[in-house]
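The values are calculated or read from the model by the stated rules, or taken from the named source; none is laboratory data. All values reported here derive from a predicted model rather than from experimental measurement. Don't worry about glycine lacking a Cβ; one is built from the backbone with ideal geometry, like all the others, and counts go over all protein chains shown. Surface accessibility is based on the protein's heavy atoms, side chains included, excluding ligands, DNA and RNA. Shrake-Rupley method; radii C 1.70, N 1.55, O 1.52, S 1.80 Å.
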Amino acid sequence: MSKTPSIQAIKGMNDILPPTSARWQWLEDQVRCVMGSFAYRNARTPIMEQVQLYTRGLGEVTDIVEKEMYSFQDRQDKHGDADHLALRPEGTAGLVRAVAEHNLLYDGGKRLFYMGPMFRRERPQRGRYRQFHQIGAEALGFGGPEADAEMILLAVALWRALGIKNWRLELNSLGQPDERRAHREALIAYFEQHQEQLDEDARRRLHSNPLRILDTKNPAMQALVDGAPKLLDYLGAASQQHFAAVQAMLRASGVEWRINPRLVRGLDYYNLTVFEFITDSLGAQGTICGGGRYDYLVEQIGGKPAPAVGWAMGVERVLELLQEEGMAVPEPVPDAYAVIPDAAALPAVMPCLQALRAAGVAVQMHASSGQADAGMGSMKSQLKRADASGARFALIFGAQELAEGQITVKALRDGAGQQSRQPLADAAAWAATLKSPDSAQ
Ligand code: ATP
Ligand code: MG
């Protein structure tokens, strides 16, 4: 008999399974907690959007729109029209669309966060995947420097909650569009003088988006880029003041940073403050979080003009950093494992387990393989399973105990081997004795 060929996941798109998934859940719990402490509220937007959202929002001449987006023509509707759709490559454009579409800013600014998968057709490598996950925070409708500072402090609070130590903050200001225009002229003139040193990407972007050249990852162009005119020298008084105010608030909060005049971020929509959190522990893919102010995006996407600032962090990179830093995340284990020597006991077992779970006890029920004649398995093999589950107690539903309206509770960890009897009915009355000392309830 020929074997059916197996089907594998798409390259660069990963399954997240136990035990790794426990680390993801733990991280998400920390994030929800920190977001709550800054009064950020959750938002969820679709994974697919119209392609125009990204071409308009991110800019035509960006890595994402030029080469990385998964987009396709949808089927024609009955009028012969077909939507051009894209899997979201990032979360800000979709969130801004949703905020504008639902007029969420009608009664003032909003602070929002999201978590979820993003899609980019990049070369898969360590820290760079085709389906990856971002956690993002956006503060919309706030134009003052305090919102920029709060955004950065939110990320810092997250690193603290996660126990991440190896990070540094880089800051820059991209000024306003008119200031960028003056800088752009100077930049084009500079790069035109050094045409022969430009790589293909840079040559193509020289006139369409020269600022992007500063973002190059090509080592051969580093020296050239280092000598380029700096945008910071082109900022007017208001932009300078905004930048200084952000830094003053960070200084007062005990946060350290470094100014990186070459930090331009990969997307077109930023103005004024931009920042990245970078680690040296992950090799080339060292940026764990990036963001900045984007005061013109809401209007560009079709909403009423509103200032905004935000960041996005790469979950895979942060988790890898946690691993590098040796952070141990506890594996979730059940409180108790139900040992059921005879299937005839199952009708008595089920309601008891339901009552325990309703009282906050995590119970794993032994289940049979379903093979004929195998039954529920021997008591010995079931106790072995109970031990392997990590549970602190085995609940033994033996025929003898049940005949007396009781079950045996056997300790598997502290005081292993100790046994006691409990009444089968009214499980809620003794449920608390099974709960882990550090459980929430
Ligand atoms: P890079 O310069 O590494 O390509 P980027 O500027 O394209 O990053 P952003 O669009 O700012 O990244 O996304 C925010 C964060 O999401 C990044 O700092 C990074 O941690 C993460 N990220 C971006 N692309 C990927 C990817 N393909 N795989 C895993 N994480 C990613
Ligand atoms: Mg990128």
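Give, as a single signed number, the net charge of other residues whose beta carbon lies under 11 Å from the beta carbon of Phe142, with Lys and Arg counted +1 and Asp and Glu -1.
Details: positive: Lys110, Arg111, Arg293; negative: Glu138, Glu146, Asp148, Glu150, Asp295.
Net charge in that neighbourhood comes out at -2.
Here's how it looks for Gln134: its modeled amide H is under 5 Å from those of Gly116, Met118, Val315, which are all 5 or more places away or on a different chain.
Computed on the Cα atoms alone, the convex hull of segment 192-351 gives a volume of 280 cubic angstrom per residue.
Could you work out Rg/(2.2 N^0.38 Å) for segment 137-210, with Rg from alpha carbons only? Each step should come with its number before you reach the end.
On the way: Rg = 18.3 Å, N = 74, 2.2 N^0.38 = 11.3 Å.
Ratio of Rg to 2.2 N^0.38 Å for segment 137-210: 1.62.
Span-like helices, the chain: DSSP H, alpha-carbon axial extent 15 Å or more, mean Kyte-Doolittle 0.5 or greater, which ones?
Numbers: long enough: 20-37 (26 Å, -0.51); 145-162 (26 Å, 0.96); 177-193 (24 Å, -1.21); 237-252 (22 Å, 0.28); 346-358 (18 Å, 1.09).
Helices meeting the criterion: 145-162, 346-358.
Counting only protein heavy atoms and a 1.4 Å probe, segment 336-433 has 52 square angstrom of accessible area per residue. Here the peptides 370-381, 62-73, 422-433 are ranked by packing, the mean other Cβ count within 10 Å, and the order with the highest first is 62-73, 422-433, 370-381.
Taking only protein heavy atoms into account and a 1.4 Å probe, give the accessible area per residue of segment 70-132 in Å². Can you show the working numbers first?
Numbers: 3450 Å² over 63 residues.
Heavy-atom SASA per residue in segment 70-132 reads 55 Å².
The calculated 222 nm mean residue ellipticity attributable to helices in the chain amounts to -10000 deg cm²/dmol, summing -39500 (n - 2.57) over DSSP H runs of n ≥ 4 and dividing by all residues. The solvent-accessible area of Cys352, taken with every protein chain present and a 1.4 Å probe, is close to 10 Å².
Could you tell me the relative contact order of the chain? Use alpha-carbon pairs under 8 Å, at least six residues apart, and round to a whole percent. Can you show the working numbers first?
Values: 745 pairs, mean separation 65.2, N = 441.
In percent, rounded to a whole number, it is 15.
Which log10 I(q)/I(0) values, to two decimals, does the chain give at q = 0.06, 0.08, 0.12, 0.13 Å⁻¹ under the Debye formula with one point per Cα? Values returned for q = 0.06, 0.08, 0.12, 0.13 Å⁻¹ are -0.38, -0.62, -1.03, -1.14.
What order, most packed first, do the peptides 307-315, 53-61 have when packing is the mean number of other Cβ atoms within 10 Å of each residue? Intermediate results must be reported in sequence, preceding the final value.
Values: 307-315: 23.8, 53-61: 19.1.
Ranked from most to least packed, the peptides come out as 307-315, 53-61.
Comparing Cα centroids, segment 294-312 and segment 325-387 end up 52 angstrom apart.
Across every pair of non-identical alpha carbons in segment 181-276, the mean reciprocal distance, once inverted, gives a Kirkwood radius of 14.6 Å. For segment 336-433, the spherically averaged projection of the C-alpha convex hull amounts to 5.9 nm².
Applying Stokes-Einstein at 4 °C and 1.567 mPa s to the Kirkwood radius of segment 297-393, computed over alpha-carbon pairs, gives a translational diffusion coefficient of 72 µm² s⁻¹.
Exceedance of the 22 Å cut-off in Cα-Cα distance is limited, within the set Lys384/Lys410; Lys110/Lys304; Lys11/Lys67; Lys230/Lys304, to Lys230/Lys304.
So what's the net charge close to Thr45: Lys and Arg +1, Asp and Glu -1, counting the other residues with Cβ under 12 Å from its Cβ? Please list the in-between numbers first.
On the way: positive: Arg44, Arg88, Arg97; negative: Glu49, Glu90, Glu101, Glu138.
Once all neighbours under 12 Å are counted, the net charge is -1.
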